[in-house]
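The values are calculated or read from the model by the stated rules, or taken from the named source; none is laboratory data. These numbers were taken from a predicted model, which means no experiment stands behind them. Neighbour counts are summed over all protein chains in view; Cβ atoms, including those assigned to glycine, are modelled from backbone coordinates with ideal geometry.
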Amino acid sequence: MNIDFTYQNPTTIYFGKNAIDNLSSELNNYGDTIMLAYGKGAIKKIGLYDQVISILEKNGKNIVELSGIMANPTYEKVMEGAKLVRENNVDLILAIGGGSVIDCAKAISVSAYCEGDAWTRYWIQYEPVDNKIVPVASILTLAGTGSEMNGGSVITNEEVKLKNGRVFPANVNPVFSILNPEYTFSLPTYQMVSGIFDMMSHLMEAYFSGEDDVTSDYLIEGLLRSIIHSAKIAVGNPTDYEARSNLMWSSTLAMNPIMGLSKTQDWEVHMIEHQLGAYTDCAHGMGLAAVSLPYYRFIYKYGLDKFVRFATQVWNVDTTGKSKDEVALEGIDAMEQFIKECGIVTNIKELGATEEMLPLIANSTVILGGYKVLTADEILAILKVAYTA
Ligand code: NZQ
Ligand code: ZN
């Protein structure tokens, strides 16, 4: 445990089939005007929209709606929501959807009363938030990002072709989140497995850095095993409640600062994916998977012991008679096999990338890195592998 830390998480989680029953009592804690923020219609198809409207009406709330929040939410949409919040004096933003809707709600929350340009202040200069923060709550319909219990908010600024994320302090976390795994049953397999790889990637980003003996690494290995196990069940039977529950809770834990506490971390896969997403608008988890395979094959030798540990502890690779390199690579091969079994995309051309985009993506990617800090040329080489995979 080499790095000091402070950990705070104020989000109340209501988990399970009857979690929505807690909405009414929670609403008593906030004022009269609620902004309902949601995407392009999935919540209407599953009846959740009608159910929530009826609960809000029973509680005598004024309802303001922000609909049409797109996957990979744009700064323009954030500004539309911020205006609505100011005009209606919104007391609580209730986000219903996946990570995009919840991230957008948090961005609206910090931007509505921001003086000056919120994009520059909060997503470029990473300034602390010094203005009023409108409380956000969430009802989750897609497991993957962990946005329901963290301060993360990833926003795409289409004008400058940048997808930037940041983790705000805990006072931007949702104040409460309602997690009913049944709400995820209607997800197309494509979105379900994209979310599954996203949660795995959050754990790997924290894992692949550092040489010290840290509790977080043991937690990550356990959580990865749980996700892999439940993913296989959920892919075969998407309405298996236990598997979907395990995935939903694993995802909340995975992208929660708790899994990376006291560790140095990597996050380069996410940085590359964010720019891939800025250019292609691809599903986040799919982009991560396509980048991860060539990235990890490129950097494994710089963190060999950790990749050996990953192979043995997460993928049960047998080490008998094998070199460390062989074991490490077998671990990555096992992950590729899993990715393919789930139907996760491994080729960025399939995700909308063109050859001309590759240098633009590489040159605009933020460079972080764990075992190896890449150059823009190395990122380009990784993208080229992902393009021809
Ligand atoms: O628009 P609707 O109709 O709601 O459809 C959505 C959307 O098309 C659909 N969907 C959601 N729940 C559904 C459903 N369809 C049927 N049934 C349901 N129950 O799924 C599509 C994708 O939704 P989206 O919210 O975009 O997916 P996800 O949860 O993967 O969020 C991705 C965004 O989160 C960011 C990503 O970069 C990306 O912008 N991230 C946020 C993080 C955070 N807050 O900490 C961390 C992550 O690393 C990630 O970067
Ligand atoms: Zn992610």
Going through segment 55-83 one residue at a time, which ones are farther than 20 Å from Asp281 by Cβ and of a type in the set (Gly, Ala, Ser)? Gly60, Ala82
Look through segment 182-223, keep the residues that are aliphatic (A, V, I, L, M) and more than 16 Å from ligand 1 (Cβ to nearest atom), and return whichever of them is farthest from Val291 (Cα to Cα). Val214
Per the filter on segment 261-271, residues under 18 Å from Ser153 (Cα atoms) and out of contact with any strand residue (DSSP E or B) (no Cβ under 8 Å at 6 or more places or on another chain) are Trp267, Glu268, Val269, Met271
Cβ-Cβ below 7 Å, separation at least six or inter-chain, first residue in segment 261-278 and under 28 Å from Thr6 (Cβ atoms) and more than 10 Å from ligand 1 (Cβ to nearest atom), second polar (S, T, N, Q) and in a helix (DSSP H, G or I): which pairs? Leu261/Ser216; Ser262/Ser216; Lys263/Ser216
Here's a check for you: in segment 121-135, which residue that is in contact (Cβ under 8 Å) with a residue 40 or more places away in the chain and over 17 Å from the mean Cα position of the chain (by Cα) is surrounded by the fewest Cβ atoms within 10 Å (Cβ to Cβ)? Pro128
Using the structure shown, decide if Leu351 is in a helix (DSSP H, G or I) and modelled with pLDDT of 95 or more. no
At least 3 residues that are away from ligand 1 (no atom under 16 Å from the Cβ) and surrounded by fewer than 21 Cβ atoms within 10 Å (Cβ to Cβ) in each: list the helices (runs of 4 or more DSSP H) lying fully within segment 1-120 that qualify. 23-27, 48-58, 75-88
Any residue in segment 270-280 that is among the β-branched types (Val, Ile, Thr), within 16 Å of ligand 2 (Cβ to nearest atom), within 29 Å of Asn363 (Cβ to Cβ) and more than 15 Å from the chain's Cα centre (by Cα)? yes
Cβ-Cβ below 8 Å, separation at least six or inter-chain, first residue in segment 92-113 and modelled with pLDDT under 95, second small (Gly, Ala, Ser) and assigned to a strand (DSSP E or B): which pairs? none
Is it the case, given these coordinates, that Gly222 is surrounded by fewer than 17 Cβ atoms within 10 Å (Cβ to Cβ), small (Gly, Ala, Ser) and not assigned by TED's automatic domain parsing to the domain that holds Lys161? yes
Would you tally the residues in segment 55-81 being without any contact (Cβ under 8 Å) to a residue 24 or more places away in the chain and among the hydrophobic types (A, V, I, L, M, F, W, C)? 0
Among helices (runs of 4 or more DSSP H) entirely within segment 260-336, at least 2 residues that are among the basic types (Lys, Arg) and either assigned by TED's automatic domain parsing to the domain that holds Leu380 or surrounded by fewer than 19 Cβ atoms within 10 Å (Cβ to Cβ) (or both) occur in 304-315
Give me the residue from segment 161-181 that is more than 11 Å from ligand 1 (Cβ to nearest atom) and not in a loop (DSSP other than H, G, I, E, B) and, out of that set, farthest from Met248 (Cα to Cα). Leu162
Check segment 231-253 and report whether any residue there is more than 13 Å from the chain's Cα centre (by Cα), outside any helix (DSSP H, G or I), within 24 Å of Phe298 (Cβ to Cβ) and away from ligand 2 (no atom under 15 Å from the Cβ). no
Considering only segment 177-229, how many residues are over 18 Å from Gly370 (Cα atoms) and in contact with an Asp or Glu (Cβ under 8 Å, 6 or more places away or on another chain)? 2
Can you tell me how many residues in segment 139-160 are near ligand 1 (Cβ under 9 Å from one of its atoms) and out of contact with any Lys or Arg (no Cβ under 6 Å at 6 or more places or on another chain)? 14
